[in-house]
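Notes for the one structure printed next.
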Amino acid sequence: MTMTNVASPAESVIAARSSRLLIAAVRVAVALLWMQNVGWKTPPQFGNGSRPSGLYQFTTWAVEYPVFAPYTWLVEHVVLPNFAVFGWLVMLAEGSLAAFLLVGLATRLWALVGVGQTLAIALSVLNAPHEWHWSYFLMVLVHLLLFATAAGRYYGVDGVLRPGWQRSANPVARTLGRLS
Amino acid sequence: MNASMQPADRAALALGVASLVSTVFVISGGIWVFFTMSPATVPIALVLGLIACLAGWLGRPALAVSCGAVFVLAAIIVVADVALGAGLLGVNPSTAFLWVGLGSGLLAVGSAPRDD
């Protein structure tokens with residue numbers, strides 16, 4: 001078998017500046033998706049009041065329109081009775097997704113968090129009226145794509161700092177290298 | 001652009017420019033409100049953005065780290081303002097996380113080892 005130094009077709013596509021710009025643009029767009037949607041998750045009530053709204057109302061749909069029985073049980077018996085804590089956790093998770101995907105820092109980690117958060121949302125609202133199930137499938141897929149392409153390495157902080165992280169003997173730096 | 005800039009300095013400059021550009025969203029509406037900007041937050045974004053640009057242009061990592069820390073502090077103040085229902089800044093949590101992103105980026109590139 002002969003070996004050549006010619007880049008594989010897949011590598012040559014990523015090497016193209018236009019492809020790297022597109023990957024960065026998708027990463028930033030996904031960050032803006034999360035950023036816009038953390039805007040209506042307002043502490044400290046998060047919509048839990050005499051007239052339920054916002055995050056609280058969407059979360060109750062997991063019980064009203066069940067998707068997956070164990071998740072429905074969890075929401076009904078754990079999440080809703082402790083909604084203030086849950087609201088803060090959701091706001092921090094989605095806000096961090098927005099923040100770190102925007103600048104491309106530890107991008108592969110946050111891409112996986114994005115998959116998890118999308119699944120949690122889907123398990124709450126997938127069977128609710130007027131929901132388009134492909135919205136959530138597409139969200140999962142785009143986060144998987146950000147993970148697969150290590151999107152923070154293109155015009156992101158990961159791309160600047162990763163070489164140093166990989167050279168470093170510091171365990172934190174090496175972990176960041178793996179998460180980027 | 002300063003030809004001798006290190007990649008981390010260029011990143012700090014880019015993050016500063018992003019903060020300056022974010023002020024355009026003071027006039028956004030409808031589906032384009034990715035984050036909120038108000039007359040109270042525009043000066044913060046402009047001043048911190050300019051400082052980040054200077055940190056990158058002049059190659060001053062300590063200034064980038066300081067600017068990043070102030071961005072994160074400003075984000076905490078925004079969240080507190082919203083959570084307490086004060087509404088003094090006239091923005092929602094999306095602005096806080098924009099600043100967490102810019103602040104974290106500046107902290108990371110400012111504290112990175114340099115090839116001096």
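Taken together, the values in this text are just the output of simple stated rules run on the coordinates, not laboratory data. Because the structure is a prediction, the values reported are computed rather than measured. Ideal geometry is used to build each Cβ from the backbone, glycine not excepted, and the neighbour counts take in all protein chains shown.
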How many angstrom separate the Cα center of segment A:30-82 from the Cα center of segment B:65-116? 26
Please check: in the Gaussian network model of chain B (C-alpha springs, under 10 Å), which one of B:I44, B:I76, B:I27 has the largest mean-square fluctuation. B:I27
Mean-square fluctuation maximum in Gaussian network of chain B, Cα pairs under 10 Å, restricted to B:V70, B:V17, B:V33, hits B:V33
If one builds a Gaussian network model of chain A from Cα atoms under 10 Å apart, the most fluctuating residue listed among A:W132, A:W165, A:W110 is A:W132
How many Cβ atoms of partner chains, on average, are near each residue of B:100-108 if near means within 10 Å of its Cβ? 6
Given the DSSP H assignment, sum -39500 (n - 2.57) over each helix run of at least 4 residues in chain A and divide by its residue total; what's the result at 222 nm in deg cm²/dmol, nearest 500? -21500 deg cm²/dmol
Distance (nanometres) between label positions extended 7 Å along Cα→Cβ at A:F137 and A:L92: 3.4
Across A:99-107, the residue-averaged tally of Cβ atoms belonging to other chains within 10 Å stands at 6
Given the rule -39500 (n - 2.57) for each run of at least 4 DSSP H residues, summed and divided by the residues of chain B, what is its mean residue ellipticity at 222 nm, to the nearest 500 deg cm²/dmol? -21500 deg cm²/dmol
With point charges of +1 on the Cβ of Lys and Arg and -1 on the Cβ of Asp and Glu, referenced to the Cα centre of the protein assembly as shown, which listed residue (A:A16, B:S66, A:L101) lies farthest in the positive direction of the dipole? A:A16
Averaged over the residues of A:162-169, the number of partner chain Cβ atoms within 10 Å of each residue's own Cβ comes to 2
